[in-house]
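**Q** Sharing a structure below in structure tokens format, with a few things to ask.
The values are calculated or read from the model by the stated rules, or taken from the named source; none is laboratory data. All of these numbers come straight from a predicted model, not from anything done at the bench. With ideal geometry, Cβ positions are generated from the backbone for all residues, glycine too; neighbour counts draw on all protein chains shown. These area figures cover heavy atoms from the full protein model, side chains too; ligands, DNA and RNA do not enter into them. Shrake-Rupley method; radii C 1.70, N 1.55, O 1.52, S 1.80 Å.
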Amino acid sequence: MDETDFSLSEYEARLARIRVAMAAQGLMALIVSDPSNMAWATGYDGWSFYVHQAVVIGPSGPPLWWGRGMDAAGARRTVWMGEEAIHGYDDSYVQNPDKHPMEVLAALIHDQGWAGGRVGVEMDNYYYSAKAHAVLADHLELADATGLVNWQRLVKSPAEIARMRRAAGIVEAMHRRILEVAEPGLPKNRLVAEILHAGATGAGGHWGDYPAIVPMAPSGLDATAPHLTWDDRPMQRGEAHFFEIAGVYRRYHCPQSRTLFFGEPPATYRRAEAAVQEATEAALARARPGQTCEDMAIAFYDTLGRHGFRKDSRTGYSIGLSYPPDWGERTLSLRRGDLTPLQPGMTLHFMPALWLDDGGIEITEPILITETGVEKLSTLPGALFIRS
């Protein structure tokens, strides 16, 4: 058994945690439509989230996988439950304006005897549509259970941490490949092809999975914005080029960003680099059990401010198992007001990015909260990368 494989007892422990949270909200059953949460609870892994699918968790027994009939084959290959827990709906329900798959799901919940109580749904979720909710509401008493499963995922098991470590090795290899091939005049799309190739090839003998977010790799004035991707323009001297990418191993993500400059950076970038480095160390000094997300954020913001820089957005978030379009777990945030206590086994993306008037600087770290402090999951130097 590989150290990153999940045992049946681990899945059972996850299910028990979910049911404790369900009971606290007075739920008879829970409809899980976020593919990350579906995978965490059952092991299901497939690119089928463009159609309606779910895992349904009742008050006892194994979860039920429910989805498009043709995807039941993928469920049989990936979930830990038996055949009796796999339920597929007819293909005539797919993208048909005259009927909706949620009619079938509601009937399944009635058949299980779970329709007599409140049924939780992930209302604020990328994969749960307004139409789906309206159809279910005609048949069931629904309650908002957004984030219920997400928060149970916060502290990682040893097997999950092993996957995160492998993902960290992959993202480090991706950044090192950037430094090997990037040069002035190289079209950005060709560099991104190298990044994607390195990500899929993997590192340390471990293969790379697909990322929940494509590489974000803007240059120059495009790098004043945080979420632009790439084009075919050649890389230029005198411009900042930042790369926000993730290594992925079996759906577990380690995002990391670095900034590359050809030639000597302007003084503003050097000042920003020094400010971010000092503020990062101040924040990581607070990254230990007993501190809160806010404690880390304030340490960063205050130190950054002493250098004359300001960051209005959050400085990080929880990471782990993810599917498109987001590699975050959508739980805690490193910002003022988030009093979530840090616990051993949490994995976070510490994201102290700054966007300046003429570009951006991103030097970010995937980190693990340990019993005594913090561990950087990557050994990549936390500095601007300078090339002549």
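**Q** For L108, all conditions in the list (1) in contact with an Asp or Glu (Cβ under 9 Å, 6 or more places away or on another chain); (2) touching a residue at least 40 places away in the same chain (Cβ under 8 Å) hold save one; what is the number of the exception?
**A** For L108, the exception is condition (1).
**Q** Inside region 213-268, can you point out the residues that are over 15 Å from A168 (Cα atoms), among the aliphatic types (A, V, I, L, M) and in contact (Cβ under 8 Å) with a residue 24 or more places away in the chain?
**A** Hits for region 213-268 are I213, M216, A217, L221, A223, A225, M235, A240, L260.
**Q** Quick one: which helices (runs of 4 or more DSSP H) lie wholly within region 126-232 and hold at least 3 residues that are within 15 Å of I245 (Cβ to Cβ) and open to solvent by 30 Å² or more (accessible area, probe 1.4 Å)?
**A** Values: elements: 130-137, 148-152, 158-181, 188-201.
It comes to 158-181, 188-201.
**Q** Identify all residues within region 47-77 that are assigned to a helix (DSSP H, G or I), open to solvent by 20 Å² or more (accessible area, probe 1.4 Å) and free of Cβ contacts under 8 Å to residues at least 24 places away in the same chain; write none if there are none.
**A** Residues of region 47-77 that are assigned to a helix (DSSP H, G or I), as a first pass: 69-77.
This time we only want the ones that are open to solvent by 20 Å² or more (accessible area, probe 1.4 Å), so: 69-71, 73-74, 76-77.
Matches in region 47-77: G69, M70, A73, R76, R77.
**Q** Which of the residues belonging to region 96-125 are open to solvent by 70 Å² or more (accessible area, probe 1.4 Å) and of a type in the set (D, E)? Even if it seems obvious, please write down each step before you answer.
**A** Step one: list which residues in region 96-125 are open to solvent by 70 Å² or more (accessible area, probe 1.4 Å), which gives 97-98, 103, 110-112, 116, 118, 123-124.
Within region 96-125, D98, E103, D111, D124 qualify.
**Q** Same structure, new question: Would you pick out the residues in region 355-377 that are in a strand (DSSP E or B) and at pLDDT below 95? Step through it out loud before you land on a result.
**A** Let us first name the residues in region 355-377 that are in a strand (DSSP E or B), namely 355-356, 359-361, 365-369, 374-376.
W355, L356, G359, G360, I361, listed by residue number.
**Q** Yes or no: region 276-287 includes at least one residue that is farther than 30 Å from H206 by Cβ, part of a loop (DSSP other than H, G, I, E, B) and open to solvent by 10 Å² or more (accessible area, probe 1.4 Å).
**A** Yes: region 276-287 contains one or more residues that are farther than 30 Å from H206 by Cβ, part of a loop (DSSP other than H, G, I, E, B) and open to solvent by 10 Å² or more (accessible area, probe 1.4 Å).
**Q** Check region 275-289 and report whether any residue there is in contact with a Pro (Cβ under 7 Å, 6 or more places away or on another chain), among the small types (G, A, S) and closer than 25 Å to A168 by Cβ.
**A** Of the residues in region 275-289, the ones in contact with a Pro (Cβ under 7 Å, 6 or more places away or on another chain) are 276, 279-280, 289.
Then drop every residue that is not among the small types (G, A, S), which leaves 279.
Now restrict to residues that are closer than 25 Å to A168 by Cβ: 279.
Yes, region 275-289 contains a residue that is in contact with a Pro (Cβ under 7 Å, 6 or more places away or on another chain), among the small types (G, A, S) and closer than 25 Å to A168 by Cβ.
**Q** Within the group G238, G305, G263, G316, which residue is among the small types (G, A, S) and either open to solvent by less than 10 Å² (accessible area, probe 1.4 Å) or within 24 Å of the chain's Cα centre (by Cα) (or both)?
**A** Working: G238 fails: either open to solvent by less than 10 Å² (accessible area, probe 1.4 Å) or within 24 Å of the chain's Cα centre (by Cα) (or both); G305 fails: either open to solvent by less than 10 Å² (accessible area, probe 1.4 Å) or within 24 Å of the chain's Cα centre (by Cα) (or both); G263 fails: either open to solvent by less than 10 Å² (accessible area, probe 1.4 Å) or within 24 Å of the chain's Cα centre (by Cα) (or both).
Within the list G238, G305, G263, G316, the selection yields G316.
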